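Engineer: For reference, the structure I am asking about is given below.
The values are calculated or read from the model by the stated rules, or taken from the named source; none is laboratory data. Bear in mind the structure is a predicted one, so any value in this text is a computation, not a measurement. All Cβ positions, even for glycine, are placed from backbone atoms using ideal geometry, and neighbour counts span all protein chains on display.
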Amino acid sequence: MEPPPFCPNPSCRNHFVAPRARGFPRVGAYQTRAFGRVQRFRCPACGRTFSSQTFSIDYWAKKIVDYRGLLARHASSESVRAIGRALGLSCCSVLNRFDRLARQAIALHASLRPLARNDESVCVDGFVSFDVSQYFPSEIAISVTARSRLVLDFSHATRRRSGTTTAAQRARSAELYPRMDFERGAVSRGFREVLVSLGRERPPARWRPLVLITDEKREYVDVLHRSPLWLGQDEERRIAHIRISSRLPRTWLNPLFPSNYIDREIRKDQANHHRETTCFSRNVSNAMARLCCYLVHHNYCKRYSAKAPGEDRRVHAEVAGIARELIDRSVEVMYNRRAFISRLSLPPTLERIWRKSHTTPLKPKADYLPAYALE
């Protein structure tokens with residue numbers, strides 16, 4: 001059994017660096033039905049006791065679940081209920097495991113994303129779906145690199161229904177919308193958050209401008225031209241904004257092909273985003289957790305090209321310049337060792353998913369988050 005890597009108490013001096021001398025002394029053990037004998041320890045600095053199970057992804061769980069199989073089924077378009085039937089779990093248990101896996105995926109993505117090469121163009125577009133009902137469309141701004149198609153960041157926004165509606169639909173909207181406090185400028189906020197992440201991790205430099213490819217949405221231009229990234233341009237730091245009409249054919253010749261590709265993959269691989277289906281997102285926080293799991297699977301587990309020769313097993317992150325050994329090691333950690341938010345530095349988009357802070361339309365109460373998820 002490996003010794004504890006650190007103290008789980010965020011306010012302890014041993015939380016970031018474990019003591020070198022005697023480590024953490026053992027203080028007994030207990031027997032569990034699911035995990036067998038579990039050893040307990042005590043921190044010599046703060047006196048807190050904890051077990052080896054504290055550092056497991058299954059902390060506080062009562063049943064062992066194959067997370068690799070769970071993610072593989074999720075990435076193959078199976079719904080929550082179908083996954084529950086296959087694994088012998090209730091829907092609540094499946095959602096609980098997705099919450100755990102999403103926090104692990106966030107930690108993996110936050111640590112590996114800055115290591116990707118920053119010389120690629122970046123495409124940003126909004127993936128449109130809906131939550132609760134079609135009267136509450138959602139627009140998820142997703143940034144993806146142009147060549148390696150590595151998903152960098154994504155931000156959720158709920159807006160009002162648009163387009164042509166019937167008299168009955170307008171009457172229903174008039175009934176529902178007073179009960180919902182819509183965020184003003186939510187779509188602009190989503191793009192702004194993605195833009196801030198790009199500016200922090202891919203700042204323009206001499207001979208390497210930041211090339212941003214979007215469609216012709218007016219909100220994108222307004223936000224970009226008011227951002228410090230755009231206003232701070234000089235001879236050393238340049239930004240090129242390429243706007244592409246959404247009416248152009250969505251082939252690989254389209255500069256927005258990476259965004260169109262990700263939209264297509266999500267639409268076909270995520271049951272709650274299929275068109276005209278009984279599977280749809282009933283809770284925004286849960287939906288974003290599952291989307292985070294899927295996009296991390298796309299980045300670090302899925303082959304870059306299905307048409308490549310059989311010996312070419314590169315994943316999207318590897319094409320983006322991240323070492324395969326590091327990817328494999330990080331994925332193994334994701335499935336086993338529990339991540340602590342106190343030891344991470346997360347952007348607002350990922351931290352919102354971790355804390356389940358998204359608002360679900362027509363749901364007055366905040367989503368439940370276990371206390372150990374905030375350690």
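Engineer: ARG314 fails exactly one of the following numbered conditions: (1) touching a residue at least 24 places away in the same chain (Cβ under 8 Å); (2) over 28 Å from ARG243 (Cα atoms); (3) touching a Phe, Trp or Tyr at 6+ places or on another chain (Cβ under 7 Å). What is the number of that condition?
Structural biologist: Of everything listed in (1) touching a residue at least 24 places away in the same chain (Cβ under 8 Å); (2) over 28 Å from ARG243 (Cα atoms); (3) touching a Phe, Trp or Tyr at 6+ places or on another chain (Cβ under 7 Å), ARG314 misses just condition (1).
Engineer: Could I ask something else about it? Whether any residue in the range 276-283 is of a type in the set (D, E, K, R), free of Cβ contacts under 8 Å to residues at least 24 places away in the same chain and over 26 Å from ARG68 (Cβ atoms) is what I want to check.
Structural biologist: Residues of the range 276-283 that are of a type in the set (D, E, K, R), as a first pass: 276, 282.
Those still in the list that are free of Cβ contacts under 8 Å to residues at least 24 places away in the same chain too: 276.
The next check asks that each one be over 26 Å from ARG68 (Cβ atoms); those that pass are 276.
The answer is yes; a qualifying residue exists.
Engineer: In the range 11-24, is there at least one residue being at pLDDT below 95, among the small types (Gly, Ala, Ser) and surrounded by fewer than 12 Cβ atoms within 10 Å (Cβ to Cβ)? Can you show your working first?
Structural biologist: Here is the first cut: in the range 11-24, the residues at pLDDT below 95 are 11-24.
Next cut, among the small types (Gly, Ala, Ser) only: 11, 18, 21, 23.
Keeping just the survivors that are surrounded by fewer than 12 Cβ atoms within 10 Å (Cβ to Cβ) gives 11, 21.
Scanning the range 11-24 turns up at least one residue that is at pLDDT below 95, among the small types (Gly, Ala, Ser) and surrounded by fewer than 12 Cβ atoms within 10 Å (Cβ to Cβ).
Engineer: Hey, among LYS356, LYS365, which residue is modelled with pLDDT of 95 or more, assigned by TED's automatic domain parsing to the domain that holds LEU71 and part of a loop (DSSP other than H, G, I, E, B)? Explain how you work it out, then say what you get.
Structural biologist: On the way: LYS365 fails: modelled with pLDDT of 95 or more.
Matching residue, one of LYS356, LYS365: LYS356.
Engineer: Kindly indicate which of LEU198, LEU212 is among the aliphatic types (A, V, I, L, M), modelled with pLDDT under 95 and not in a loop (DSSP other than H, G, I, E, B). Talk me through it step by step, then tell me what you get.
Structural biologist: Numbers: LEU212 fails: modelled with pLDDT under 95.
When all the criteria are applied, what remains is LEU198.
Engineer: Tell me yes or no: at least one residue of the range 336-354 is among the acidic types (Asp, Glu) and surrounded by 18 or more Cβ atoms within 10 Å (Cβ to Cβ). Show your work before the answer.
Structural biologist: Taking the range 336-354 first, the residues among the acidic types (Asp, Glu) are 351.
Those still in the list that are surrounded by 18 or more Cβ atoms within 10 Å (Cβ to Cβ) too: none.
No; the residues of the range 336-354 include none that is among the acidic types (Asp, Glu) and surrounded by 18 or more Cβ atoms within 10 Å (Cβ to Cβ).
Engineer: Is there a residue in the range 230-247 that is assigned to a loop (DSSP other than H, G, I, E, B) and β-branched (Val, Ile, Thr)? Spell out the reasoning first.
Structural biologist: So in the range 230-247, the residues assigned to a loop (DSSP other than H, G, I, E, B) come out as 232-238, 245-247.
Pick out the ones that are also β-branched (Val, Ile, Thr) and you get none.
No - not one qualifying residue is present in the range 230-247.
Engineer: Could you grab me the full set of residues in the range 115-167 that are part of a loop (DSSP other than H, G, I, E, B) and within 15 Å of the chain's Cα centre (by Cα)? Before the answer, list the steps.
Structural biologist: Step one: list which residues in the range 115-167 are part of a loop (DSSP other than H, G, I, E, B), which gives 116-121, 132-136, 146-150, 159-166.
Of everything in the range 115-167, just one residue is part of a loop (DSSP other than H, G, I, E, B) and within 15 Å of the chain's Cα centre (by Cα), namely LEU150.
Engineer: What pairs can you find where one residue is in the range 318-345 and touching a residue at least 60 places away in the same chain (Cβ under 8 Å) and over 15 Å from PRO5 (Cβ atoms), the other is assigned to a helix (DSSP H, G or I) and of a type in the set (S, T, N, Q), and their Cβ atoms are less than 6 Å apart, with a gap of 6+ or different chains?
Structural biologist: That search, which allows pairs on different chains as well, returns MET334/GLN104.
Engineer: Looking at the structure I just gave you, is ARG329 under 23 Å from SER56 (Cβ atoms), modelled with pLDDT of 95 or more and surrounded by 15 or more Cβ atoms within 10 Å (Cβ to Cβ)? Break it down into steps so the answer makes sense when it comes.
Structural biologist: Working: under 23 Å from SER56 (Cβ atoms): yes; modelled with pLDDT of 95 or more: yes; surrounded by 15 or more Cβ atoms within 10 Å (Cβ to Cβ): no.
It is false that ARG329 is under 23 Å from SER56 (Cβ atoms), modelled with pLDDT of 95 or more and surrounded by 15 or more Cβ atoms within 10 Å (Cβ to Cβ).
Engineer: On to the next question. How many residues does the range 37-77 hold that are closer than 19 Å to ARG22 by Cβ, touching a strand residue (DSSP E or B) at 6+ places or on another chain (Cβ under 8 Å) and in a loop (DSSP other than H, G, I, E, B)?
Structural biologist: 2
Engineer: Hey, among ASP153, ASP119, which residue is closer than 30 Å to PRO203 by Cβ, surrounded by fewer than 22 Cβ atoms within 10 Å (Cβ to Cβ) and in contact (Cβ under 8 Å) with a residue 12 or more places away in the chain?
Structural biologist: Answer to the selection: ASP119.
Engineer: Given the condition closer than 30 Å to ASN299 by Cβ and of a type in the set (D, E, K, R), answer yes or no: does some residue in the range 165-177 qualify?
Structural biologist: First pass over the range 165-177, keeping only residues closer than 30 Å to ASN299 by Cβ: none.
No, that holds for no residue.
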